[in-house]
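These notes are about the structure you will find just below.
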Amino acid sequence: MEASGRVVDLQSLGELTCVETALTHLRRGEVIAFPTDTIYGISCLAQNTDGIRQLYDIKRRDLKKPVAICVGDVSDVGRYAVSDGVPSSLLSTLLPGAVTVVLQRRDCLNPSLNPAAQLVGVRVPNHPLSRALALAAGEALALTSANVSSEPSCVKAEEFRHLWPQLGAVLDGGVITQSPDRDNEPSRQGSTVVDLSQSGTYRIIRPGCALETTQSALHSHGWTQRTD
């Protein structure tokens, strides 16, 4: 298939067609690309070990560096991570949103995904296509930015055109402009990554594009920052 033939345009074809096309490729163990609320990501089914290998190969990512998972609803976070120590009101304030919450992983998560890590980052993007796709899949998606490691993150599909031949499908949702701490300006920082694995305290792993709103939510719930 020509690289351009892998592109599925959200505006012209609609969300349902995009989701159905993406699911076909995901269930074959392939890697796809789609927009989130921050930047474009590449993704596979988190429980599919062959897909995980492809994801790392396409990204040219060090196998020791973990990738996050994406779920469709806040209620799904606890399926794959231990969220008991995080009040539901706090989790619902942070998610859906441009935040990756890092928690203790559950044993049901594919052991081939981040095998050396006891924690896992979980995303619920504030983007209708991302969430619809994760909900339709019925399971977690492994998710990382749609770029080769060390290259800039992408806010439109054309920016990672060189990766298209390695992807099953590219869901083109246009230019991503939303950024929680800005007004409709593109941000290539990606999500704010915060470790919530120790109840009552948090650690910022990556400031990302939603640092101010994330810290405000945490402080309003009485959580304090740690720097370990």
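The values are calculated or read from the model by the stated rules, or taken from the named source; none is laboratory data. Nothing here was measured: the structure is a model prediction, and the numbers come from that model. Because the Cβ atoms are built from the backbone with ideal geometry, glycine has one as well, and the counts that use them run over all protein chains shown. Surface accessibility is based on the protein's heavy atoms, side chains included, excluding ligands, DNA and RNA. Shrake-Rupley method; radii C 1.70, N 1.55, O 1.52, S 1.80 Å.
Things worth noting here:
- Counting the residues of the range 128-155 that are under 20 Å from Leu10 (Cα atoms), modelled with pLDDT of 95 or more and either open to solvent by 10 Å² or more (accessible area, probe 1.4 Å) or aromatic (Phe, Trp, Tyr) (or both) gives 7.
- Unmet criterion (only one of (1) within 15 Å of Leu95 (Cβ to Cβ); (2) open to solvent by 70 Å² or more (accessible area, probe 1.4 Å)) for Ala217: (2)
- Pairs, first closer than 22 Å to Gly208 by Cβ in the range 96-125, second of a type in the set (D, E, K, R) and surrounded by fewer than 20 Cβ atoms within 10 Å (Cβ to Cβ), C-beta under 6 Å, six or more apart: Val102/Asp195
- Tallying residues that are charged (D, E, K, R) and open to solvent by 40 Å² or more (accessible area, probe 1.4 Å) within the range 76-127 yields 4.
- Taken over the range 176-214, the criterion of being open to solvent by less than 40 Å² (accessible area, probe 1.4 Å), out of contact with any Lys or Arg (no Cβ under 8 Å at 6 or more places or on another chain) and modelled with pLDDT of 95 or more is satisfied by Leu196, Gly200, Ile204, Thr214.
- Pairs, first at positive phi in the range 166-187, second open to solvent by 50 Å² or more (accessible area, probe 1.4 Å) and modelled with pLDDT under 90, C-beta under 6 Å, six or more apart: Asn184/Thr177
- Filter pass, Thr93 being hydroxyl-bearing (Ser, Thr, Tyr), closer than 24 Å to Ser187 by Cβ and in a helix (DSSP H, G or I): yes
- Search result, residues across the range 197-219 that are touching a residue at least 60 places away in the same chain (Cβ under 8 Å), farther than 16 Å from Ser83 by Cβ and among the hydrophobic types (A, V, I, L, M, F, W, C): Ile205, Cys209, Ala210
- Applying the set (1) open to solvent by less than 10 Å² (accessible area, probe 1.4 Å); (2) at positive phi to Gly14 leaves exactly one unmet item: (1).
- Conditions (1) of a type in the set (Ser, Thr, Tyr); (2) open to solvent by 50 Å² or more (accessible area, probe 1.4 Å); (3) in contact with a strand residue (DSSP E or B) (Cβ under 8 Å, 6 or more places away or on another chain); number of the one not met by Tyr40: (2)
- Qualifying positions in the range 57-73 - assigned to a helix (DSSP H, G or I) and surrounded by fewer than 19 Cβ atoms within 10 Å (Cβ to Cβ): Asp57
- Among the residues of this structure, Glu139 does not count as one that is more than 15 Å from the chain's Cα centre (by Cα), within 27 Å of Ile52 (Cβ to Cβ) and of a type outside the set (A, V, I, L, M).
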